[in-house]
Amino acid sequence: MERGATDAAPEASHAPPAPGAPARRRSRGGRLGRDLTVIVVITALVLAGLAVAATLAYREFYSPSAFVRHYLHLLHDNDAAGALAVPGVAIDSAELQAAGLETPDSDALLRAAAMGSLRDVSIVSEVSDGDVTTVIAEYDAGGVPGTVTFEVEHTGWIGIAPTWAFATSPLAVIDLSVEGSMEFAVNGFEIDKRQVSPDGVDADPTAPISMLVFSPGLYSVSVDTAIAATPGVAVLSDAPLTEVPVTVAAEPTEEFVEVVQDRVEDFLTACATQEVLQPTACPFGYTVDDRIVGLPSWSIAEQPAVTVEPDGASWKIPATEAVARIDVQIQSFFDGSIRDVSEEVPFLVTGTITVLPDGTASIVVGAG
């Protein structure tokens, strides 16, 4: 029996699978799903990040607002050449006429030396209408806050980047009249009217000079010569293609008034040396109906207190009171009697003062 038992065929084995085998297959499949999910999420995040980066890059570098910001930063840096090179800034006579402006006399103020301070630039809004976008910006020009509106148009592409230009040039025109001087300064930049006027040395002293300027910008006009001075008049150019009138009336310097006073006194004193009733080319005289005995004697009893006022690019002495005294003997035609006359003679003094090209003044005194 032991042999039979030994020779008997073994029974089929029904032992369960080794622990962990199916679990490993299921684990691999779960990990793959999780990995794919992570990849999808990462890809989505990358694409979203790229979209955000592209949007930020567009706003910062390629949008109409970025275009305007670049122009304003050039003005902030007093980079006149760079600002003029921005597309749409340079202007021709046809564009000026379309805006109702005449061709300016000069572009001398489109330079760094004549530009004012511009800071605290920020974009307020951007609104598109077709190919034209309206951009509004805020700024501080020399301590004066302001707002300016630009129109920007889409002009094409460089690769995938859009290009822009000002649909309306941001330049403006200042019509400048300076009374009392042919020389003046704009933001410290010195100008002689005869150098910028199309009429040159024959420039009309009373005619305004039209000059192109950047907008926005604060332009301070002042006079500081030996003859005239003014603390300055500031004008804000705050809108593209507009005309801004400016009138500056210079005041005579104390030294200039003293010189004129001395010249007038010398002139009247010289008039008083003429021993005639009506001194030649002088503002005073005396009339009698009888005859005089001997020569009359004149003196200036009261000199005029001279003031000086601007008259175009020249000056004038407004009518000013003065008093002369005459001493003369007069003989009556009726009875031959002689009487001594000592009489004060009031009169008015006026004058014109012409500033010559060399800076000196020609003073002509007349009667009021």
- Å² of accessible area per residue within the stretch 147-188, as computed with a 1.4 Å probe and no ligands counted: 39
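Taking the alpha carbon gyration tensor of the stretch 117-265, what are the square roots of 5 times its eigenvalues, largest first, to the nearest whole Å? Please list the in-between numbers first.
Values: eigenvalues 347, 56, 23 Å².
Working from the Cα gyration tensor, I get semi-axes of 42, 17, 11 Å.
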- How far is the Cα center of the stretch 66-105 from the Cα center of the stretch 233-307, in Å? 48
- Leaving out ligands, DNA and RNA, what percent of the accessible area of the stretch 322-368 is carbon and sulfur, probe 1.4 Å? 55
- Note on the structure: Env charge @ Y286, Cβ radius under 15 Å, K,R +1 / D,E -1, value -4
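The values are calculated or read from the model by the stated rules, or taken from the named source; none is laboratory data. Predicted model only: the values in this text are computed from it and were never measured. Neighbour counts run over all protein chains shown; Cβ positions are idealised from the backbone, glycine included. Quick note on the areas: whole protein, heavy atoms, side chains included, nothing else; ligands and nucleic acids left out. Shrake-Rupley method; radii C 1.70, N 1.55, O 1.52, S 1.80 Å.
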